[in-house]
Amino acid sequence: MEDSELIIEAAQVREYAYAPYSKYKVGAALLGISGRVYTGCNVENGVYPLGICAERAAVAKAVSEGERQFEAIAVVTEDGGTPCGACRQVLSEFGLDIRVIIASTSGHIRVFTVRELLPEAFTLALRDDGACRP
Ligand code: THU
């Protein structure tokens with residue numbers, strides 16, 4: 001799947017973002033090695049800390065549907081913002097080589113790996129082989 005297709009999926013799901021407090025809508029589209037795409041948007045809550053980010057919503061959707069290995073995730077925001085630290089950590093659980101495609105709604109695109117976004121990551125899963133990395 002082309003990066004551009006994944007970005008389109010992220011941009012589409014961004015429209016579902018529930019962000020009445022921050023007004024900052026985020027859409028994510030996570031590509032599994034199966035070829036399936038799992039989308040997520042941020043879902044805020046009146047109890048602010050309970051809100052979930054788009055990236056982690058997408059990871060939860062994928063893992064709960066049986067997929068644990070990923071090639072890439074596209075994240076779309078108005079200004080091309082990068083994933084927060086918590087989302088970087090959650091992505092790292094499933095692979096430091098996952099490509100992170102960061103796009104703005106105006107079409108500015110940057111590509112990193114999780115490894116680049118989270119240097120010297122804490123990776124317990126790597127040590128005990130308990131998670132998902134080959
Ligand atoms: N947000 C995400 O969905 N992903 C990130 O990586 C950064 C932040 C959301 C959380 C909150 O709903 C809004 O953006 C503003 O922080």
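The values are calculated or read from the model by the stated rules, or taken from the named source; none is laboratory data. All values reported here derive from a predicted model rather than from experimental measurement. Here Cβ is always computed from backbone atoms with ideal geometry, including for glycine, and neighbour counts include all displayed protein chains. All accessible areas refer to the heavy atoms of the entire protein, side chains included, with ligands and DNA or RNA removed. Shrake-Rupley method; radii C 1.70, N 1.55, O 1.52, S 1.80 Å.
In this structure, does TYR18 turn out to be without any contact (Cβ under 8 Å) to a residue 60 or more places away in the chain, surrounded by fewer than 17 Cβ atoms within 10 Å (Cβ to Cβ), farther than 17 Å from LEU91 by Cβ and in contact with a Cys (Cβ under 9 Å, 6 or more places away or on another chain)?
So TYR18 fits the description; yes.
State yes or no: is GLY35 surrounded by fewer than 16 Cβ atoms within 10 Å (Cβ to Cβ) and on the phi > 0 side of the Ramachandran plot?
Spelling it out, GLY35 is indeed surrounded by fewer than 16 Cβ atoms within 10 Å (Cβ to Cβ) and on the phi > 0 side of the Ramachandran plot.
Would you pick out the residues in region 23-47 that are polar (S, T, N, Q) and more than 10 Å from the chain's Cα centre (by Cα)?
SER34, ASN42, ASN45, listed by residue number.
Taking region 69-121 as the search range and keeping residues that are outside any strand (DSSP E or B) and of a type in the set (Lys, Arg), which one is nearest to THR39 (Cα to Cα)?
Filtering region 69-121 for residues that are outside any strand (DSSP E or B) and of a type in the set (Lys, Arg), the one nearest to THR39 (Cα to Cα) comes out as ARG88.
Which condition does GLY40 not pass, out of (1) open to solvent by less than 20 Å² (accessible area, probe 1.4 Å); (2) in a strand (DSSP E or B); (3) more than 9 Å from the ligand (Cβ to nearest atom); (4) free of Cβ contacts under 8 Å to residues at least 40 places away in the same chain, if it passes all the others?
Going through (1) open to solvent by less than 20 Å² (accessible area, probe 1.4 Å); (2) in a strand (DSSP E or B); (3) more than 9 Å from the ligand (Cβ to nearest atom); (4) free of Cβ contacts under 8 Å to residues at least 40 places away in the same chain one by one, GLY40 breaks only (3).
Within region 71-92, which residues are open to solvent by 20 Å² or more (accessible area, probe 1.4 Å) and away from the ligand (no atom under 14 Å from the Cβ)?
GLU71
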